[in-house]
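Scroll down for the structure; my scribbles are underneath it.
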Amino acid sequence: MKNPLDAYPGYLLRRAAATRLAYLTRRLEPLGVMVTEASILVTIGYNPGISQAECGRALAIQRPNMNPLVRRMVERGWVVTEKGQGRAQGLHLSPTGADLAARIEAIFEAHEAWIIAAVPVEAREHLMPILRALNVIGDEDPAEHAGENADGWLSRKSQTAI
């Protein structure tokens, strides 16, 4: 059977992300941590004293979602808070959290190596720049470029519609 959606990069990206995320979720499960929590712990480990707002912005987690996540990590003894500027609290890893973050990072490293191994060798040097370009959030309206492919040319379907 032919899947007509296989011609759409967005569809393929979503499928690739979903399959890789499901695999990572299974790898983290024995640690009792979700992918989002794991990402927060590693981010705090690299940025001691980071505020919830800064951490949320860095990981594209909305502010209302950060508070319960951080509260749960504090309750589990993974994160400690300290008074920051104004109402902000600085986030730090507890010793237990630091140990957990190190184990998570090892899983992340193995997971990323598995992803890279699936990419053809000749395409590997282009993978990260392409993904970074796709993750830039700009002000341009994508509808202005509807029907254009990566080279700016109109797709066959759009050409026939003109």
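Worth a mention:
- Net length available on complete extension from residue 127 to residue 16 is 38.6 nm, with 0.36 nm assigned per residue and the Cα-Cα distance removed.
- Whole-Hz couplings from phi, Karplus 6.51/-1.76/1.60, listed for the range 112-127; x for Gly and Pro: 5, 4, 5, 5, 4, 4, 7, 8, x, 3, 5, 9, 4, 5, 9, 4
- In order through the range 56-64: 3J(HN,Hα) via Karplus (6.51 cos²θ - 1.76 cosθ + 1.60), integer Hz, x for Gly, Pro: x, 5, 4, 9, 6, 10, 5, 3, x
- Integer Hz, Karplus 6.51/-1.76/1.60 couplings in order for the range 4-15, x for Gly and Pro: x, 6, 4, 8, 9, x, x, 5, 5, 5, 4, 5
- Taking amide H atoms as placed 1.01 Å from N in the peptide plane, the amide H of residue 79 lies under 5 Å from those of 74, 94, each 5 or more residues away in sequence or on another chain.
- Listed by Cβ neighbour count within 10 Å, with the fewest neighbours leading, 78, 114 appear as 114, 78.
- The range 4-136 pair-distance distribution - Cα-Cα, 10 Å bins, rounded %: 11, 36, 32, 17, 4, 0
Quick note: the coordinates plus some simple rules give every number you see, no bench work behind them. Bear in mind that the values here come from a model prediction, so they are computed numbers and not experimental data. Positions of Cβ are generated from backbone atoms using ideal geometry, with glycine treated the same way; all protein chains shown enter the neighbour counts.
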